[in-house]
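Enquirer: Quick one: this structure, given as structure tokens, is what I'll be asking you about.
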Amino acid sequence: MDYGDPGLYTSTERHSRWQELAGADRMDWSGPGSSPSGFWSVFSHRACAAVLAPSAPFTSEYGMMIGFDRDHRDGSGGRMMVVTDSAPHRGLRKLVGPLMSRAQARSVADRVEDEADKLLDRVLDMPSCDVAAEFGPRVPAAVVCDLLGIPPADQDMLIGLTNHAFGGEDDLFDGMTPRQAHTEILVYFDELITERRRLRGDDLVSVLLGDGGLDADDVLLNCDNVLIGGNETTRHAITGAVHALATTPGLLEVVRDCGDDLGPVVEEVLRWTSPAMHVLRVTTDRIVLKGHELDLGTPVVAWLPAANRDPAVFDEPEAFRADRRPNRHLAFGHGPHHCLGATLARVELTMVLRVLARRVSRIELVGDVRWLRAITVQGYRALPVRFTAS
């Protein structure tokens, strides 16, 4: 099976497939197809964590998505944070980290609450709201665009481009390929960088420009990285949180009763939605993995949603359990590339849940859930619901 075929992920059949593959601790080979050279896949929680572990003999510098390998490299390798290793990776995290620290996250909470309230003002008691289009994207876009210093007037355009960049395999985005969307994003950031050279601020673009070790192309690539990473996964987690509230009996009341202790609910949203679908690594040595001898330069894909439904780790993995403890999900990855925006994503989810619990008495599905035809994110194409005001 070519696990890089986006057609495999347009229905909830993928959940049972992932649970079965993870439970069997399978390691499968996909021949040339979605990837020009083919790739191995691992699915269990243990195997995915092993591939992504700090000391694992793998690199991200050839690329981190299906289609890249030693002979087909990502041109951003060694320069963009998500596809760098060792000292360059640590240096980039040190630059970006302070803007995503816990102190910064606390200051973001009010911004998120205000944005969520504005969104609900528009959609409460309407016959239908497509959360995937009208609600899910707005909160993370507001946060990450603030971090990057993107003017409010440009935010809708950037949301659309990130949608195309990560959902381009879906016919919802006919007329623009992911590559073209990335090009448009880079052109925008090139213009923004020129402006920030003239007038610095306290945003991430200015911080990156202030580092003597990065040239303009490095700044451009890492702005692209932060924009897409900050927007595309969290929007689907927020949409998935609403999906869970609409389909899990009593969950809205549980959230309302939790008060300030929403941590377990947020972690279960992350596990249950698992928006980041896969991570690719390439071997840096000859190794044996699960009984298979792999040569130097062999691509291996860790499927994070499968790991997060591994029955060896999670009881009733298909169920949304608001009190699940422990919850050792891999939604943010694992090892040195653990998502730098994890704290911000948790703050965004927490505040959205609080606003919904405060202002909404009922959330109900009013149409079919539709999924993106994509392999980079486990994403919603449509989630039509009705929000009833408290």
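Quick note: the coordinates plus some simple rules give every number you see, no bench work behind them. For clarity, every value in this text was computed on a predicted model and none was experimentally measured. Virtual Cβ from ideal backbone geometry, glycine too; neighbours counted across all protein chains shown.
Enquirer: Return an integer: the convex hull volume of the alpha-carbon atoms of the stretch 267-336, in Å³ per residue.
Expert: Numbers: hull volume 6.9 nm³, N = 70.
Normalising the Cα hull of the stretch 267-336 by residue number yields 98 Å³.
Enquirer: Another question, then. For Val123, Val112, Val207, which order do you get if you count the other beta carbons within 10 Å of each Cβ and list the fewest first?
Expert: Val123, Val207, Val112
Enquirer: 7 Å from Cα along Cα→Cβ at both His338 and Ser86: what's the point-to-point distance in nm?
Expert: About 2.3 nm separates the two model spin labels.
Enquirer: Let me ask you something else. Apply the membrane-span-like helix rule to the chain: whole DSSP H runs, Cα extent along the own long axis of at least 20 Å, mean Kyte-Doolittle hydropathy at least 0.5. List the helices found.
Expert: What comes out of the filter, once short or polar helices are dropped, is 342-359.
Enquirer: OK, next. Taking a label point 7 Å from the Cα of Asp2 along the Cα→Cβ vector, which residues of the stretch 16-40 have an amide N closer than 14 Å to it?
Expert: Only 30-39 pass the distance filter.
Enquirer: Between His72 and Gln180, what is the FRET efficiency for a Förster distance of 22 Å, r being their Cβ-Cβ separation, to the nearest 0.05?
Expert: Given R0 = 22 Å and the Cβ-Cβ separation, E is 0.70.
Enquirer: When the chain is fully extended, how far beyond the present Cα-Cα distance does Ser37 get from Asp257, taking 0.36 nm per residue of separation?
Expert: 74.0 nm
Enquirer: Between Val366 and Glu134, with labels modelled 7 Å along Cα→Cβ, what's the label distance in nm to one decimal, could you check?
Expert: Distance between the two pseudo-spin positions: 0.8 nm.
Enquirer: Here is a further query. Show that you can apply the helix-only estimate: for the chain, add -39,500 (n - 2.57) for every DSSP H stretch of four or more residues, divide by all residues, and state [θ] at 222 nm to the nearest 500.
Expert: Calculated mean residue ellipticity at 222 nm is -14500 deg cm²/dmol.
Enquirer: Shifting gears a bit: Using only Cα atoms, what is the ratio of the radius of gyration of the chain to 2.2 N^0.38 Å?
Expert: Here the answer is 0.95, to two decimals.
Enquirer: Which distance in Å, rounded to a whole number, links the C-alpha centroids of the stretch 217-291 and the stretch 65-138?
Expert: Between the Cα centre of the stretch 217-291 and that of the stretch 65-138, the gap is 10 Å.
Enquirer: Please compute the length gained on full extension between Asp121 and Arg198, using 0.36 nm multiplied by the number of residues separating them and subtracting their Cα-Cα distance. All intermediate terms of the calculation are to be shown ahead of the outcome.
Expert: Details: separation 77, 0.36 × 77 = 27.72 nm, distance 3.84 nm.
Gain on stretching Asp121 to Arg198: 23.9 nm.
Enquirer: With each label point set 7 Å from Cα along the Cα-Cβ vector, what nm distance links Arg106 and Leu209?
Expert: Distance between the two pseudo-spin positions: 3.0 nm.
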